[in-house]
Every structure is written in C-alpha cells, then in structure tokens.
Amino acid sequence: NVVSTEIETHNVYGSKELEALESVLSKSVGANAFLIGNDKEGILNILGRLNYMIEEGTAFPEIEHKRVVLFDAELLATSQHNKSNFELKLLNLMNEAVKAGNVIVAFDNFPAFLASADALGSDVVALLDRYFTTSELEIVAISDVDRFHQVIERNVALMQRFEKIYVEYFIFLVGNTE
C-alpha cells in the first residue's frame, strides 16, 4: 500500500520563490510580481518570510526598512456601492502607500479584485497603472493558477507590468509496505 500524506513543508520550501520575489521587488522601476500558486498558505508564508528578512536587516538594500502590507482589495471593491466611491478610496489608499515610502502592497486574490472592480464599472488596471510604473512603490499580486490563466494572463497591460513567480505546492508520497 502507498499512502499519500501532505507534509508541512512551508518552512523548508519557497526559498527560490522568496529569492525571486526579493530580486523583483529590488528593481528601481516596475518592481511588481505575481505570486501564482494554489498553496495560499505557502504564498503567505513567503510574504511573511520576506517581512521577517526586512525586519532582521537581511533583505536586499533596496527594500530595507519596508514592510509588506496584505491588502484585501476585493473587500474594498465589494463594500463600495458605486464606481466613484471605490476609485476614490482605492486611489487614496495607494497614494498613502506611496507617501509612506516604506510599503510593499500585496493584493490578496487579485483576480477576484479585478472582477469586483469590473462589476462596479471600473477599469482598475488603467486606474492603477501609474502605481505599477512608479519607482516609489512595490506591488505583489496573489493569484491561484487557474484564475491567473483565465483572468490575468489575457490582460496584456498587466503582463507587461508584472513578473511571474510560480509557487509550488508539495505533496510527498510515503510508502507503507505492510
């Protein structure tokens, strides 16, 4: 018999993804990354590890003294009753992040955010484009694999502004010879 067992590996994997993310976020302009994977816990662990590296002073100098802020932008979009209110609040939040100068914005569930904004009639990609191209802000967008391919990959503007980092999910097979 072979038993399939999921083993907690978040503390031992993700190093190559973390290194790739740190490298992307250290660029002088267009420091944006998609973290793509079906292991949400693993993705959040990578962001937490990046935050820890920054706090400990072991991150690249370009992102020293920054902090990762996880942003539930879908909640913002779904809580607004009209496009104007949504766009005003979103722009205010993004402007505050730029003004703070030490924020790496991580958009949780980016495809759902895009869909919620679209339901309000907002072209959020065009609205946020100036933040995607500034040297004053780093952005991470989180997506599962299927919705990345269905929603994001089709958007040429987004694909030009972000680098893709795939986060693997590990399942180990443990043999039982009984």
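How about the stretch 121-172: which of its residues are more than 18 Å from Leu70 (Cβ to Cβ) and among the hydroxyl-bearing types (Ser, Thr, Tyr)?
Within the stretch 121-172, Ser122, Thr133, Thr134, Ser135, Tyr166, Tyr169 meet the criteria.
Just one of (1) surrounded by fewer than 17 Cβ atoms within 10 Å (Cβ to Cβ); (2) at pLDDT 95 or above; (3) within 23 Å of Lys16 (Cβ to Cβ) trips up Val140, so point out which.
Result: Val140 fails condition (1) only.
Can you list the helices (runs of 4 or more DSSP H) lying wholly within the stretch 77-178 that have 1 or more residues being hydroxyl-bearing (Ser, Thr, Tyr) and within 19 Å of the chain's Cα centre (by Cα)? Step through it out loud before you land on a result.
Values: elements: 83-100, 110-119, 124-132, 156-161.
Qualifying helices (runs of 4 or more DSSP H): 110-119, 124-132.
Spot the failing condition for Val69; the list is (1) at pLDDT below 95; (2) more than 23 Å from Asn155 (Cβ to Cβ), and only one is missed.
Checking Val69 against (1) at pLDDT below 95; (2) more than 23 Å from Asn155 (Cβ to Cβ), the one that fails is (1).
Between a residue in the stretch 51-66 that is closer than 13 Å to Glu138 by Cβ and part of a helix (DSSP H, G or I) and any residue that is open to solvent by 50 Å² or more (accessible area, probe 1.4 Å) and at pLDDT 95 or above, which pairs come within a Cβ distance under 6 Å, given they are 6 or more apart or on different chains?
The qualifying pairs do not exist here.
For residues that are farther than 19 Å from Asp144 by Cβ and of a type in the set (Gly, Ala, Ser), scanning just the stretch 17-61, find the one that is surrounded by the most Cβ atoms within 10 Å (Cβ to Cβ).
Top of the filtered list is Ala31.
Does Glu136 satisfy the criteria of being of a type in the set (D, E, K, R) and in contact (Cβ under 8 Å) with a residue 24 or more places away in the chain?
Yes, satisfied.
Do we find that Arg130 is over 28 Å from Arg154 (Cβ atoms), without any contact (Cβ under 8 Å) to a residue 60 or more places away in the chain and among the basic types (Lys, Arg) in this structure?
No; evaluated as a whole, the condition is false for this residue.
For the stretch 62-99: of the residues being under 16 Å from Phe113 (Cα atoms) and among the acidic types (Asp, Glu), which is least open to solvent (accessible area, probe 1.4 Å)?
Glu87
The values are calculated or read from the model by the stated rules, or taken from the named source; none is laboratory data. This one's a predicted model, so the numbers in the text were calculated from it and none came from an experiment. When we count neighbours, we look across all protein chains shown, and the Cβ atoms used for this are built from the backbone with ideal geometry, even at glycine. Accessible surface areas use protein heavy atoms only, side chains included; no ligands, DNA or RNA. Shrake-Rupley method; radii C 1.70, N 1.55, O 1.52, S 1.80 Å.
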